[in-house]
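Q: This structure is in structure tokens; I'll ask about it shortly.
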Amino acid sequence: MIPMVDLKRQYHILKSEIDAAIGDVLEQAQFILGPNVTRLEEEIAAYHGLPYAIGVANGTDALLLALRACGVGPGDEVITTPFTFIATAEVIALLNAIPVFVDICPNTFNIDCKQIADKITKKTKAIIPVHLFGHPANMDPIMKIAEKYNLKVIEDCAQAFGAIYNGRKVGTIGDVGCFSFFPSKNLAGYGDGGMVITKSAEIATQIKILRNHGSSVRYYHQAVGYNSRLDEIQAAIIRIKLKYIDQFNATRRENAAAYCNAINRNDVVLPSVASGCEHVYHQFTIRAKNRDQLAKALADKGIASAVYYPVPLHMQEIFVKMYNLSLKLPHSENCAQEVLSLPMFPELNKEEIELIADVINHAS
Ligand SMILES: *Cc1c(COP(=O)(O)O)cnc(C)c1O
């Protein structure tokens, strides 16, 4: 059996450190906005070379609070990709703003920056590029458009902690970077968690207020906010994993290279990396017309695989109904038919990668 991700292997490697850190939290007994949350915020800000990082309850809230702090509200349009997890656009809908979907580049699975300008209207307020699967979106042209039309840029970095675009870490290029620490992400806790990073003091202050019931002084409320704080135990766990994140990401890249070496079918498209980008392979995603047969061949040998994502967001029932959509976004639709993600985690070993590649190479 080879799963998509085996969290137990990493736990067993880090067990003594993690168990001790959890024990310390229980002994200190400061469970809400305690010292580990503060430390993790400082460490993640320092990792990115930015002044502000604010822990929140999950990656979805990171996006939601970031949109609110950027002033996105009812009737505003927000440009994003349809080839992503629902959360990216769900938060737009939750604010009664309108998601405007732009097709992707099939080689990186990320928003096609050349198609953005056409979708800008007087109501456009922001762009949410997603660094899908750990590959940075093409940020330079996106920032140029944002400057020209005075739009906010909120980077969805939920799958891309530590990925690099032209020498800059993702999350540091736009106005705000949003991270998720969901257990399967490349930097993760053992429960829900999220983080917002920004260079803007104003946005940081807003997010701190919004995550804590619209309050900066206890029992005095200046906004209608949320209960969206990062949990202290999760923060303690993530602080340990943060020390190893560059090493984990490097091992993911080695695993990806091993897959690329070992898979040798010309009807399979391997993931590509755009120049100037450092991929962190949150997912290792191939494309194939016979994707379902490959998945079945793998399943027959006890090997997991997954389709991220089978339905692009412009075709999701809820958005079709809410926004009366009849968009055709061919690259997103094709990718939804052809993508297959293979097991990927730092502790995956070379023999397993060889075996998986072998099953793919010999599938009918
Ligand atoms: C996981 C994910 C989110 C949401 O993060 P949660 O912590 O699960 O709320 C948002 N966007 C993308 C692209 C994700 O992969």
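Q: Looking at the square roots a ≥ b ≥ c of the eigenvalues of the Cα gyration tensor of region 1-92, which shape do they give, rounded for a/c under 1.5, prolate if a/b is larger than b/c, or oblate?
A: oblate
Q: Relative contact order (percent) for the chain, with alpha-carbon contacts under 8 angstrom and 6 or more residues of separation?
A: Relative contact order for the chain comes out at 22 percent.
Q: For region 129-221, give the magnitude of the charge dipole about the Cα centre (Cβ charges: +1 Lys/Arg, -1 Asp/Glu; no others), in debye to the nearest 20. List each step's numbers first, then the result.
A: Working: 10 positive and 7 negative charges, 37 e Å.
Dipole of region 129-221, to the nearest 20 debye: 180 debye.
Q: How high is the relative contact order of region 127-271, in percent, counting Cα pairs under 8 Å that sit 6 or more residues apart? Let's see the in-between values first.
A: Numbers: 215 pairs, mean separation 22.0, N = 145.
Value for region 127-271: 15 percent.
Q: Between rounded, prolate and oblate, where does region 245-362 land on the alpha carbon gyration tensor, with a ≥ b ≥ c its root eigenvalues, rounded for a/c under 1.5, else prolate if a/b exceeds b/c?
A: prolate
Q: On to the next question. So, R0 is 25 Å and r is the distance between the beta-carbons of Leu325 and Lys296; what FRET efficiency does that work out to, to 0.05?
A: FRET efficiency, Leu325 to Lys296: 0.20.
Q: What does the charge count near Leu95 come to, summing +1 for each Lys or Arg and -1 for each Asp or Glu among other residues with Cβ under 14 Å from its Cβ? Mind dumping the intermediate values first?
A: Details: positive: Arg68, Lys123, Lys125, Lys152; negative: Asp61, Asp76, Glu77, Glu90.
It works out to a net charge of 0.
Q: Hey, what's the per residue convex hull volume over the C-alpha atoms of the chain, in cubic angstrom?
A: Residue-normalised Cα hull volume stands at 132 Å³.
Q: Same structure again: Of all trypsin sites (Lys or Arg not before Pro) in region 35-135, which ones are in loop regions per DSSP and have a Cβ with at most 14 other Cβ atoms within 10 Å?
A: Lys122, Lys123
Q: At a 10 Å Cβ-Cβ cut-off, how would you order Arg291, Arg252, fewest neighbours first? Walk me through the intermediate numbers first.
A: Details: Arg291 17, Arg252 23.
The order, fewest Cβ neighbours first, is Arg291, Arg252.
Q: Additional query: Tally the DSSP beta bridges in region 148-273 and give the antiparallel ones as a percent, rounded to 5.
A: 75 percent
Q: According to the Cα gyration tensor, what semi-axes, each the square root of 5 times an eigenvalue, does the equivalent ellipsoid of region 109-186 have, listed from largest to smallest in whole Å? Intermediate values should be presented prior to the final figure.
A: Numbers: eigenvalues 100, 29, 25 Å².
That gives 22, 12, 11 Å for the three semi-axes.
Q: Let me ask something else. Over region 245-362, what relative contact order in percent results from Cα pairs under 8 Å that are six or more residues apart? Don't skip to the answer; put the middle values down first.
A: On the way: 139 pairs, mean separation 46.9, N = 118.
So the answer I get is 40 percent.
Q: Of all chymotrypsin sites (Phe, Trp or Tyr not before Pro) in region 216-292, which ones are in loop regions per DSSP and have a Cβ with at most 11 other Cβ atoms within 10 Å?
A: On the way: sites: Tyr219, Tyr220, Tyr226, Tyr244, Phe248, Tyr259, Tyr281, Phe284; in loops: Tyr219, Tyr226, Tyr244, Tyr281.
Sites meeting the loop and neighbour criteria: Tyr219.
Readers should treat all values here as calculations from the given coordinates under stated rules, not as data from a laboratory. Computed from a predicted structure; not experimentally measured. Methodologically, a virtual Cβ is constructed for each residue, glycine included, from the backbone with ideal geometry; neighbour enumeration extends over all protein chains shown.
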